[in-house]
Structure formats: structure tokens, C-alpha cells
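**Student:** The following block contains the structure, expressed as C-alpha cells.
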Amino acid sequence: MKFSISEKYTLISVEESTFCELEKQLVNFKSNHVIIELSENVNINDEKISLFLNISSDFKTNGMSFVVVKSGIDIDNFSESLNIAPTLQEAEDIIEMEAIERDLGF
């Protein structure tokens, strides 16, 4: 797991399939927008990705964005409240759009 902190968000690159450590680390980043980038090597099913739903809700409650980046996933299989993007650029766009929505009071 690699962490990269910019002024706009924290990028967490995940190369392994165990998420216990990731969940523990996310507590440290609740004051910043977070993008979780899952490597192509990570074998993950829809059920495991759905585990991020509660985490995403916590971030939104705190006025922060949370986005999962993984290509090849059918986002229609997930709740609209979980942001999933196929590329890092699209994840950055989601963070910007949510910031605009928060500024407008949506």
C-alpha cells in the first residue's frame, strides 16, 4: 500500500487483496478527500467493493469525497452513493464535481 498526499486529495494505491490494514489506515485520512486506486493485480469481487459503501458514507457525512478506482467494473451493480471510476483522472473529476455540489449546497 502506497500513500501520496496532494493538496486536493490523498491517493492510496493498493497492490494486495487484503483490506484489513487499509480500513485501519483510512481513519487517519478522514480530513481529506481520498482516492483508493486498486491495482490490476488485485482480485476483487463486487461484494468486497461494496464494503467501501459505509466508508464512503462516513466521508460524505464529514464533507469529504471518497472514490474507488478500478477498471473493468460495472458501476451499475453498486449503489450510486459509492463513487467508482475506471481511471485516476475520472476520480479527480468526481472530487471536483462533489466540491462544486457542496459549495452550491446540494
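**Student:** Share of antiparallel DSSP beta bridges in the chain, in percent to the nearest 5?
**Tutor:** Taking every DSSP beta bridge within the chain, about 25 percent pair in antiparallel fashion.
**Student:** Over all directions, how big on average is the projection of the convex hull of the alpha-carbon atoms in the chain, in square nanometres?
**Tutor:** With the hull built on Cα positions only, its mean projection is 6.3 nm².
**Student:** Count neighbours as other Cβ atoms within 10 Å of each site's Cβ, and list the GluC sites (Glu not before Pro) in the range 1-76 that are DSSP loop with at most 13 such neighbours.
**Tutor:** In loop regions of the range 1-76 (DSSP not H, G, I, E or B), the sparsely surrounded GluC sites (Glu not before Pro) are GLU7, GLU15, GLU16, GLU40.
**Student:** What residues from the range 61-86 fall in the zone where the backbone N is under 12 Å from a label point 7 Å along the Cα-to-C-beta line of ASP46?
**Tutor:** Within reach of a label on ASP46, which here means backbone N under 12 Å from a point 7 Å along Cα→Cβ, the range 61-86 contributes 73-79.
**Student:** While we're on this one: Mind putting a number on the dipole of the chain about its Cα centre? Charges go on the C-beta only, +1 for Lys and Arg and -1 for Asp and Glu, and I need it in Debye to the nearest 20.
**Tutor:** Charge dipole, the chain, about its Cα centre: 400 debye, nearest 20.
**Student:** Now for a separate question. Ignoring ligands, DNA and RNA, what percent of the accessible area of the chain is carbon or sulfur (1.4 Å)?
**Tutor:** The value for the chain is 48 percent carbon and sulfur by accessible area.
**Student:** Remind me, relative contact order of the chain in percent, using alpha carbon pairs under 8 angstrom and six or more residues apart?
**Tutor:** Relative CO of the chain lands at 22 percent.
**Student:** Let me ask something else about it. Along the Cα→Cβ direction, 7 angstrom out, place labels at SER81 and GLN25. What is the inter-label distance in nm?
**Tutor:** Taking the simple label geometry, SER81 and GLN25 are separated by 2.6 nm.
**Student:** Go through MET97, LEU51, ILE5 and say which Cα lies farthest out towards the positive end of the charge dipole of the chain; charges sit on Cβ, +1 for Lys and Arg, -1 for Asp and Glu.
**Tutor:** ILE5
**Student:** Name the long-range amide H neighbours of ILE84: under 5 Å, sequence gap of 5 or more, or other chain; modelled H, no Pro or chain starts.
**Tutor:** VAL68
**Student:** Report ³J(HN,Hα) in whole Hz for each residue of the range 50-67, in order, from the Karplus equation J = 6.51 cos²θ - 1.76 cosθ + 1.60 where θ = phi - 60°; Gly and Pro get x.
**Tutor:** 5, 4, 6, 4, 5, 5, 4, 4, 4, 5, 5, 4, 8, x, 10, 9, 9, 10
**Student:** Based on alpha-carbon centroids, what's the gap between the range 29-51 and the range 52-106 in Å, whole number please?
**Tutor:** When both Cα centres are located, 11 Å separates them.
**Student:** What residues qualify as long-range amide H neighbours of GLU37, i.e. H under 5 Å apart, gap of 5 or more or another chain, H built at 1.01 Å from N?
**Tutor:** Sorted by chain and number, the residues that satisfy this are ILE12, SER13, VAL14, VAL69.
**Student:** Let me ask something else. With θ taken as phi - 60° and the coefficients 6.51, -1.76 and 1.60, list the Karplus ³J(HN,Hα) couplings across the range 39-47 in order, rounded to whole Hz; mark glycine and proline as x.
**Tutor:** 4, 4, 6, 7, 8, 9, 9, 4, 4
The values are calculated or read from the model by the stated rules, or taken from the named source; none is laboratory data. Note that the structure is a prediction, hence the values are computed from the model and not measured. Quick reminder, even Gly has a Cβ in these numbers, built from the backbone with ideal geometry, and neighbours come from all protein chains shown. Heads up: the accessible areas ignore ligands, DNA and RNA and are worked out on the full protein's heavy atoms, side chains in. Shrake-Rupley method; radii C 1.70, N 1.55, O 1.52, S 1.80 Å.
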